[in-house]
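Have a look at the structure below before the remarks.
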Amino acid sequence: MTIQVFGHKSPDTDSTGSPLIWAWYLTEVKGTPAEAKLLGEPNTEAAFMLTRWDLPKPQIISGIEAGAPVVIVDTNNPAELPAGINDADIIGIIDHHKLVGGLETKGPIDIRIEPLACTATIMYKMIGKDMARAPKAIKGAMLSCILSDTLEFRSPTTTQEDKSIAWDLAQELGVEISAYAAEMFAAKSDVSAFSDAELLRMDSKEYSVAGKELRVSVLETTSPKMILDRKDSLMAAMESVAQEDGADQVLLFVVDILNEEATLLVPNDLVKALAEASFGVKVTGDTVVLPGVMSRKKQIIPVLTL
């Protein structure tokens, strides 16, 4: 039975590229048939990666059959996975996020979770000497994932291992990192074709804070003005998106990659209170700038409080 490899809902570059990488490894190196899948449309940067390296867009699935063998990558959070995930046969997890809990397996499995910036970095280490067999497209996907998750090494989640592996891959591929990262970020920043609701869900994860169910959305961009010019309509859409998704509130952080800061939209008193309690700032309008804040995983989620 073919193993299905997938990451989280609202797939970004790492959750699009890593399933392709691991499905290649299982199929071509381990001789175990595997296919990459997606749990939604890839974002614009991930779509750019697929085109740039001539990679097939994985099939989008909405659920998993009971007993189907799966490998989960770039998450271990049941809220980011299909509803029936515990009925599947989870045979492996590869991730770089905190252990959430809630997944149940049929037996002992292989789990690899490391405090690195990117799932693809972990995969590079796991594949080891067999990376010599990897086609250019797989190496290109790995490089793309690392540059995306580290924001070209600007994110505080970046480790020396992420940097070293990215530089090795770039050298093998003949890619100049700064120029390629600029192309990726330009693709990520072009969000003109998306509705407000789509933007709020594009890179979004669910968390509970002080009894409140939050959808924490991040938009990383080199053109923050393009998004902030839409702040009024985005804030108006937050209420309907929260209601449709069963959340108490949507938080939107617009991360300015080049200036290394985030702007949080503040539509109401709840978000104002949360911003002031979490980040030690005084909110006087409908936005607040958070200097140095780049990472949801390391600088936003751990400090959220009411």
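FYI, it's all coordinate maths here, none of it is from the lab. Bear in mind that the values here come from a model prediction, so they are computed numbers and not experimental data. Counting neighbours? That spans all protein chains shown, and the Cβs are built from the backbone with ideal geometry, glycine included.
Computed quantities for the displayed model
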| read-out | value |
| --- | --- |
| Whichever aspartates and glutamates have a C-alpha closer than 18 Å to that of LYS30, once near sequence neighbours (fewer than 8 apart) are set aside | ASP110, ASP130 |
| Taking the stretch 204-305 and dividing mean pair separation by its residue count, relative contact order in percent (alpha carbons under 8 Å, at least six apart) | 25 percent |
| Lysine pairs within the stretch 196-303, Cα separation less than 19 Å, 8 or more sequence positions apart or different chains | 6 |
| Isotropically averaged projected area of the stretch 142-264, using the convex hull of Cα atoms (one quarter of hull area), nm² | 8.4 nm² |
| Antiparallel DSSP beta bridges within the chain, percent to nearest 5 | 40 percent |
| Diffusion coefficient, µm² s⁻¹, Stokes-Einstein with Kirkwood Rh over alpha-carbon pairs of the stretch 196-303 at 37 °C and 0.692 mPa s | 240 µm²/s |
| Kirkwood-based shape ratio for the stretch 42-197, expressed as Rg/Rh from alpha carbons | 0.98 |
| The chain: angle of helix 177-189 to the longest principal axis, Cα-based, in degrees nearest 10 | 60 degrees |
| Order of PHE279, PHE153 under a 10 Å beta carbon neighbour criterion, fewest first | PHE153, PHE279 |
| For ASP89, distant residues with modelled amide H under 5 Å away | GLY67, ALA68, VAL70 |
| For the chain, fraction of C-alpha pairs farther apart than 26 Å, in % | 44 percent |
